[in-house]
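Below you will find the structure I want to go over with you.
Bear in mind these aren't lab numbers, they're just calculated from the coordinates by the rules spelled out. In this text the structure is predicted, and so the values were computed from the model without any measurement. Ideal geometry is used to build each Cβ from the backbone, glycine not excepted, and the neighbour counts take in all protein chains shown.
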Amino acid sequence: MVEPFKNMIGRAAVGRLAQRLGLDRRFVRAATTGLEALELKARVAHVAGALRAHLPPDYETALARIVDGLPPPLPDAEGVGAGFWLWPLCHFVEAHGLDHPVASLAAMPALTQRFSCEFAIRPFVERHRELTFAQLADWVADPNVHVRRLVSEGTRPRLPWGRRLTALQRDPRPLWPLLERLRDDPELYVRRSVANSLNDVAKDHPALAVEVANRWLADAPPGREWIVRHALRTLIKQGDRSALRALGYGTAKVDAVRFEVAPRRLALGDALTLRAELRSTARSEQQLVIDYAVHHRRQNGTLSPKVFKWRRAALPVGGTLELEKRHALRPVTTRRYHAGRHRVELLVNGRSCGSRDFDLRL
């Protein structure tokens with residue numbers, strides 16, 4: 001069983017922080033008292049509060065001690081989880097550094113090379129926007145991959161687990177100079193962050209996101225299409241016509257010769273098998289993006305769809321395509337299942353090509 005993330009901020013992490021920063025048992029006692037009862041982010045804030053109480057009272061002196069006590073930087077983008085125990089140091093800056101923006105921003109490159117400052121920088125984007133964006137513009141050329149990723153990830157309007165940047169939700173255009181400098185970054189770690197940022201924008205401004213995507217695709221070097229495809233994934237799942245056209249998917253001209261879902265009755269924990277056969281009715285080859293939506297039953301009896309990717313394919317004139325897919329109905333923390341009638345819908349280039357019902361028992 002995978003250990004909960006919250007356990008990474010526990011007694012062992014507090015002990016390591018005490019050792020790195022030269023703090024005594026009083027800090028350890030304060031940081032661990034009541035810690036076990038808290039969830040992840042509350043644990044991070046609790047430990048950061050203990051740091052504030054036991055480091056020097058002058059913020060900039062305390063910050064210098066934190067930077068001096070940092071372990072070696074993470075070597076690459078693969079082992080970012082190894083720095084999880086350092087999150088309270090980043091939260092220390094987030095919670096207590098807003099009145100010292102120059103010193104706080106100067107410390108972030110060192111911190112983010114050990115654990116991402118993507119959460120810590122967000123209040124600075126809001127309160128010290130001009131200063132922070134000037135710093136971000138310098139960091140896009142930083143030789144360290146973690147610093148460059150901080151630019152795109154820290155400014156995401158809808159960063160998961162992070163506070164929303166409402167000003168950038170309203171008007172994301174200040175992001176373009178930063179994202180365009182990073183869209184062809186040599187590290188996938190950074191490019192994926194750029195795509196996720198544009199995907200955030202697409203949720204509030206779909207037309208603007210597609211406009212940017214079209215601009216990025218014009219004379220694009222190899223590899224950039226993946227960025228755009230990943231950035232438009234939410235719109236593609238929604239069947240947005242302009243997003244589909246941007247990626248070369250027109251209106252699908254197909255007949256669903258067969259679409260089957262089996263078994264028609266199953267229990268939570270079982271798996272559905274989806275089978276489909278599509279036949280082209282077009283006069284030329286067509287590019288298809290094939291998804292399916294599971295319409296989950298809500299407590300009030302209505303259905304709520306969630307779209308899943310299936311396959312991309314080129315279908316020649318008069319050609320047929322056979323597909324098969326297993327979809328497990330496993331218990332997950334993010335969804336509560338309800339017994340009764342559910343539905344699976346076949347989507348081709350955003351267009352419904354049939355649906356089948358099934359019954360779920362708990």
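Roughly how far apart, in whole Å, are the Cα centres of the range 218-287 and the range 338-361?
Comparing the Cα centres of the range 218-287 and the range 338-361, I get a distance of 15 Å.
Continuing with the same structure: Cα centroid distance between the range 140-204 and the range 302-336, in Å?
29
Just to confirm the number: angle between the C-alpha axis of helix 129-139 and the first principal axis of the chain, 0 to 90 degrees, nearest 10?
80
Further question: Roughly what angle does helix 11-21 make with the longest principal axis of the chain, taking Cα atoms, 0 to 90 degrees, to the nearest 10?
50
Still on this model: Lys and Arg at +1, Asp and Glu at -1: add these up for the other residues within a Cβ distance under 15 Å of H205 and post the number.
Around H205, the surrounding residues sum to +2.
Moving on to the next point. Dipole of the range 144-248, Cα-centred, from +1 at each Lys and Arg C-beta and -1 at each Asp and Glu C-beta, to the nearest 20 debye?
Here the range 144-248 has a charge dipole of around 300 debye.
May I ask which residue of L159, A137, W216 lies farthest towards the positive end of the charge dipole of the range 118-233, with charges of +1 (Lys, Arg) and -1 (Asp, Glu) on Cβ and the Cα centre as origin?
So the residue furthest toward the plus end is L159.
Give me the net charge of Q169's neighbourhood, meaning all other residues with Cβ under 13 Å from the Cβ of Q169; Lys, Arg count +1, Asp, Glu -1.
Local net charge: +4.
Which shape class, rounded, prolate or oblate, goes with the range 144-248 when its Cα gyration tensor gives a ≥ b ≥ c as root eigenvalues, a/c under 1.5 marks rounded, and past that a/b bigger than b/c marks prolate?
Oblate, because a/c is 1.5 or more while a/b does not exceed b/c.
Right, another one. Among V344, G81, P101, whose Cα sits farthest toward the positive end of the charge dipole of the chain (+1 at Cβ of Lys/Arg, -1 at Cβ of Asp/Glu, about the Cα centre)?
Of the candidates, V344 comes out farthest on the positive side.
Test of understanding: ordering R264, R52 by Cβ neighbours within 10 Å, fewest first, what list do you get?
Arranged by neighbour count, lowest to highest, R264, R52 become R264, R52.
Using +1 on the beta carbon of Lys and Arg, -1 on that of Asp and Glu, and nothing else charged, what's the dipole of the chain about the Cα centre, debye to 20?
Roughly 1520 debye, rounded to the nearest 20.
Taking amide hydrogens as modeled 1.01 Å from N in the peptide plane, which residues meet the under 5 Å criterion relative to G10, leaving out close sequence neighbours?
Hits under the 5 Å cutoff: none.
Would you list T320, T61 from fewest to most Cβ contacts within 10 Å?
Ascending number of Cβ neighbours within 10 Å: T61, T320.
If you don't mind, there's one more thing I want to ask. Using a/c under 1.5 as the rounded threshold, could you call the range 254-361 rounded, prolate or oblate? The axes a ≥ b ≥ c are square roots of the C-alpha gyration tensor eigenvalues, and prolate needs a/b larger than b/c, oblate otherwise.
Prolate, because a/c is 1.5 or more and a/b exceeds b/c.
Here's a follow-up. Would you mind classifying the range 1-120 by shape? Square roots of the alpha carbon gyration tensor eigenvalues, ordered a ≥ b ≥ c; an a/c under 1.5 is rounded, otherwise it is prolate if a/b is larger than b/c and oblate if not.
oblate
Could you work out the relative contact order of the chain? I mean the mean sequence separation of Cα pairs under 8 Å and 6+ apart, divided by the number of residues, in percent.
Relative contact order of the chain: 10 percent.
Of A45, L70, C90, which is farthest towards the positive pole of the range 1-110's charge dipole, taken about the Cα centre with +1 and -1 on the beta-carbons of Lys, Arg and Asp, Glu respectively?
It is A45.
Let me ask another. Lysines within cross-link reach of K253: Cα-Cα under 27 Å, excluding same-chain residues under 8 positions apart?
Counting by Cα, and skipping residues close in sequence, K253 has these lysines nearby: K237, K306, K309, K325.
Mind sorting C353, C90 by how few other Cβ atoms lie within 10 Å of their own Cβ, fewest first?
By the 10 Å Cβ count, ascending, the order reads C353, C90.
If one takes the longest principal axis of the Cα atoms in the chain, at what angle in degrees, from 0 to 90 and to the nearest 10, does the Cα axis of helix 87-96 lie?
With rounding to tens, the tilt is 70 degrees.
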